[in-house]
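Please read the structure below before turning to the comments.
The values are calculated or read from the model by the stated rules, or taken from the named source; none is laboratory data. Note that this is a predicted model, so its numbers are computed, not measured. We place every Cβ from the backbone using ideal geometry, glycine too, and count neighbours over all the protein chains shown.
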């Protein structure tokens, strides 16, 4: 028996001996979080675990309902496009912040001025630099002026523009302290306590009235408990120290479910796992610059078997044929990847001059190494000798910038901003584009960003998605569902707006 399997079985046996005790009677649902954080701000700490809380503490002017594929009002009750550079918003006049301050145009103005100020040290400020200025028309009417026509303006505002309280902002010298000292929003959850060691506690705000039909919860408090070690999380789950843990491996989930007090839930999140290849010979592996070789690699991979047997929660995974999902704004394509055909793949390799295969270095995002190893096994069958290197995002970025990537697979959580333009921005601009140097894709990135008509945006991006499959730059392997393990007293609800993401308010009592 291998050591890893023995450890899983041993842990499972020890778990069986200790009953799990839920905190439902105290109405506090505890969630294990991997990385302690002392600031709650998508501008200063745009990471998944903090976002799980901040999305329900703060609110945006509008949201995008991914189920119905339409924008819906939030802090703005309506909006109008004056021209290609100007959006006008009518604001709600009956909303208050958690501290009792009334929401109005000044709060939107203060937030915009902060995030576009060159002196602000916010992360990913380039997401907001399209906003040139904001104009106050009346206490409940504003206009946002863009520096140039930006077809993704509403999407950015719907996903990445949370509103802060102007009065509270005025009391802190360093605006970055807003999310650290006074994280005040208008959302359905109110921050009760935030401590790097104790964690973050939020409470259902019963005065919430922005979108009561969209945001409901039957829990009084949610407590994010810092537990960086995965084994500690699992142990605490089993002894009643927490009620829910996220991103659990399938083996661990099965072992923990041996305890009758524990359940697992699989959510079909739009997390994109893809195989990318260096088509420009930047990394020194000349074979990859031949489209026939790239096609052979794609033909050699049995994606359906990998999804069924290797992908966590594969039974609920979305089987994708391009670098986008059903819920992605402006996702469309007509060209699909080649079908699984290992014999045809070997023939293509021989035609390209590699009858005996070749060596390939393959970098894989560490949490998804098992999927990468399965892909490597498929390629070995056609003679390609793959060395798999597990890596974190920082190493991936360094190697990408240095032009050293031959083949790579990274998990891209598209659900945080599910727009085709964002996918191309992340996967095919900056250092990423030099591995392809494709004018069809570059043209789509520029034109798609400036196009307002939804049908025309779809047509623009369709050409680029088709080009990726035609040239075999990427092979979309699968979505990677999120695996939750939780006490049987807990359930994970579908989010009413998102087609694949869940947030704190979605974790509820049965």
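Annotations for the structure displayed:
- Residue ranges of helices (runs of 4 or more DSSP H) in region 410-510 with at least 2 members buried (at least 17 other Cβ atoms within 10 Å of the Cβ) and touching a strand residue (DSSP E or B) at 6+ places or on another chain (Cβ under 9 Å): 420-428, 454-471
- Scanning region 124-135 for residues being farther than 17 Å from residue 155 by Cα and either assigned to a loop (DSSP other than H, G, I, E, B) or free of Cβ contacts under 8 Å to residues at least 12 places away in the same chain (or both) gives a total of 1.
- Being at negative phi and touching a residue at least 60 places away in the same chain (Cβ under 8 Å) holds for only one residue in 396, 354, and it is 354.
- Those strands (runs of 3 or more DSSP E) of region 68-123 in which at least 3 residues are within 30 Å of residue 203 (Cα to Cα) and within 29 Å of the chain's Cα centre (by Cα), considering only elements entirely within it, cover 70-73, 76-83.
- When residue 195 is tested against (1) modelled with pLDDT under 95; (2) buried (at least 23 other Cβ atoms within 10 Å of the Cβ); (3) more than 30 Å from residue 461 (Cα to Cα), just one condition goes unmet, and that condition is (2).
- Of all residues in region 62-84, those that are farther than 19 Å from residue 187 by Cβ and assigned by TED's automatic domain parsing to the domain that holds residue 159 have Cβ atoms under 6 Å from Cβ atoms of residues that are at pLDDT below 95 and exposed (fewer than 15 other Cβ atoms within 10 Å of the Cβ), 6 or more apart or on another chain, in 84/149.
- Filtering region 146-177 to residues that are loosely packed, with under 15 Cβ neighbours inside 10 Å and in contact with a strand residue (DSSP E or B) (Cβ under 8 Å, 6 or more places away or on another chain) leaves only 147.
- Hey, residue 354 part of a loop (DSSP other than H, G, I, E, B), more than 29 Å from the chain's Cα centre (by Cα) and buried (at least 18 other Cβ atoms within 10 Å of the Cβ) or not: yes
- The set of residues in region 211-240 that are in contact with a strand residue (DSSP E or B) (Cβ under 7 Å, 6 or more places away or on another chain) and part of a loop (DSSP other than H, G, I, E, B) comprises 217, 218, 219, 220, 227.
- From 202, 248, residue being in contact with a strand residue (DSSP E or B) (Cβ under 9 Å, 6 or more places away or on another chain), buried (at least 21 other Cβ atoms within 10 Å of the Cβ) and assigned to a loop (DSSP other than H, G, I, E, B): 248
- Number of the condition not met by residue 304 [criteria: (1) surrounded by fewer than 23 Cβ atoms within 10 Å (Cβ to Cβ); (2) assigned by TED's automatic domain parsing to the domain that holds residue 230; (3) part of a helix (DSSP H, G or I)]: (2)
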